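Here is the structure we will look at, set down as C-alpha cells.
The values are calculated or read from the model by the stated rules, or taken from the named source; none is laboratory data. Because the structure is predicted, anything quoted here is derived from the model rather than measured. Virtual Cβ from ideal backbone geometry, glycine too; neighbours counted across all protein chains shown.
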Amino acid sequence: MPKHYYYMSEHKMTMEENAAEYDYKHDKKDQCKKHDKKDRKKDRSKLVEFAYEISNPIVTSIPLTFPLSTQPQVVATATLKDVEKGNVVWLNGLYHVNNNSPEFADLYTRIYRGTISPGNLIYQSIVEIDAEGNDDATESVTQFVDVIPADAQNVTYFLTAQKGPFSEDLNVFAYGPITFTATEIKQED
C-alpha cells in the first residue's frame, strides 16, 4: 500500500519506489500487442454507408408538434442501399415528447426494419412520462445495433412513437428536433 506524504520531496520518493516495484516500461523493439501493427488491424471496422433524417434541427419558433395515438406513428425513417449480409447497422434516434395531461403516460419508442408490422419489430423501449407540471417534457433517445439479414438488399428503418394502451385519452405530443441515423458498418478481415 503506498504511503502518502505531505512534503513534495517525500511524495516524489514514494512514487519512485512504487514505480521501481513494477515494470511499467517496455522496449518498443520487442513485439507487444500495443505496437504490433498486424494485431492493431485485427477487429477493425469500416463505415460502409450512412443514412439519416432530421426535422427542425434549430428551433426558432414553435417546434414541429404532433399528437400521439396508441398506434405506431412514424417519427423518422432512414434507408440504406445495397447492404451486405452480416454487416451491422448502428441506429440512433432522438425526438422529444410532452405530456399535457393530469396523469402519467406510457411512451413506446420502436424501430422496425422493412415495414411496420409486429414481425419486423427490432427494438422497443417503454418509458413513463410524468403528468403536466412534473417533468412532463423530455426526450426519447434510442440506440440499437441490427445485423443485416441474408435476404436484405435495401433496408428501410422506421423510428416510431406511440402512447401506451392505457393512455388513449391523454394529450401526449411528439416534437422536434428529431434525428434518426442508420450507419452500416463492415467488420474488416
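Taking strands (runs of 3 or more DSSP E) as the structural unit, those lying wholly within the stretch 73-183 and holding at least 2 residues that are under 20 Å from the mean Cα position of the chain (by Cα) and under 16 Å from ILE54 (Cα atoms) correspond to 73-80, 88-99, 137-147, 155-163. Checking ASP151, ASP146, ASP169, ASP136 one by one, the residue that is closer than 11 Å to ARG113 by Cα and charged (D, E, K, R) is ASP146 and no other. In the set (1) over 29 Å from LYS46 (Cα atoms); (2) touching a Lys or Arg at 6+ places or on another chain (Cβ under 8 Å); (3) modelled with pLDDT under 95, the condition left unmet by ALA152 is number (1).
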